[in-house]
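Notes follow once the structure below has been shown.
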Amino acid sequence: MTFLLDAMLGSLARILRMCGHDAAYCLDRGIEADDAILDLAAREDRVVVTRDRELAERAPESILVESKDVDHQLRELAAAGVDLTPTPGERCGACNGELREVEREAKVLPEYVPGDASPVWQCEDCGQYFWEGSHWTDIEKRLAAL
């Protein structure tokens, strides 16, 4: 499944991306109106994830999350059958672009990338770098506790 998350679910979009899902966020696409969200979801064959009951009812495919708390939202997605296994190296948490592994010999990495980080990925769209650091461990623990 590919997802389109409404304006109320930006944090949830980042976590879904960390689980390898193609999770577009409507505000990243410059849209917020329900009709525009429905149009984009139809054009890109995406499941709408929303806290808006009316929007969920109008979408051909949707998942309604009712909680404001991100951990509770994650539980709701898991109950709906969404796989929440962290998958490093798949999607950019910032922009949803695809990641590609960086060859250390071929490119000088930015100073902020730890010297012992391996592997390192770079987003093909926004250029941001990622590696499995303590943040990944935190996410794995958080999702395992659900």
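Given in Å, the Rg to one decimal and the Dmax to the nearest whole number for the Cα atoms of the chain are 16.2, 52. In order along the stretch 113-130, the Karplus-derived 3J(HN,Hα) couplings, from 6.51 cos²θ - 1.76 cosθ + 1.60 at θ = phi - 60°, round to 7, x, x, 9, 5, 7, x, 10, 10, 10, 6, 6, 9, 9, x, 5, 9, 9 Hz, and Gly and Pro are given as x. Based only on other Cβ atoms within 10 Å, what is the fewest-to-most ordering of C95, C126, C26, C19? By the 10 Å Cβ count, ascending, the order reads C126, C95, C19, C26. Each Lys and Arg Cβ is given +1 and each Asp and Glu Cβ -1; about its Cα centre, the stretch 3-79 then shows a dipole of about 260 debye.
The residue among L99, V70, Q122 whose Cα reaches farthest toward the positive pole of the charge dipole of the stretch 67-146, with charges on the beta-carbon of Lys, Arg, Asp and Glu, is V70.
A straight chain from S134 to H72 at 0.36 nm per residue would run longer than the Cα-Cα distance by 20.1 nm. Counting other Cβ atoms within 10 Å as a rough exposure proxy, the listed residues W136, W131, W121 run W136, W131, W121 from fewest neighbours to most.
Note: the stretch 3-79, Cα convex hull, 81 Å³ per residue. Among I37, I63, the order by Cβ neighbours within 10 angstrom, fewest to most, reads I63, I37. Based on C-alpha pairs under 8 angstrom that are at least 6 apart in sequence, the chain has a relative contact order of 21 percent.
As an equivalent ellipsoid, the stretch 96-139 spans semi-axes of 16, 15, 9 angstrom, where each value is the square root of five times an eigenvalue of the C-alpha gyration tensor, largest first.
Throughout, read-outs are computed from the coordinates displayed, never taken from laboratory work. Everything numeric here is computed off the predicted structure, so don't read it as measured data. Positions of Cβ are generated from backbone atoms using ideal geometry, with glycine treated the same way; all protein chains shown enter the neighbour counts.
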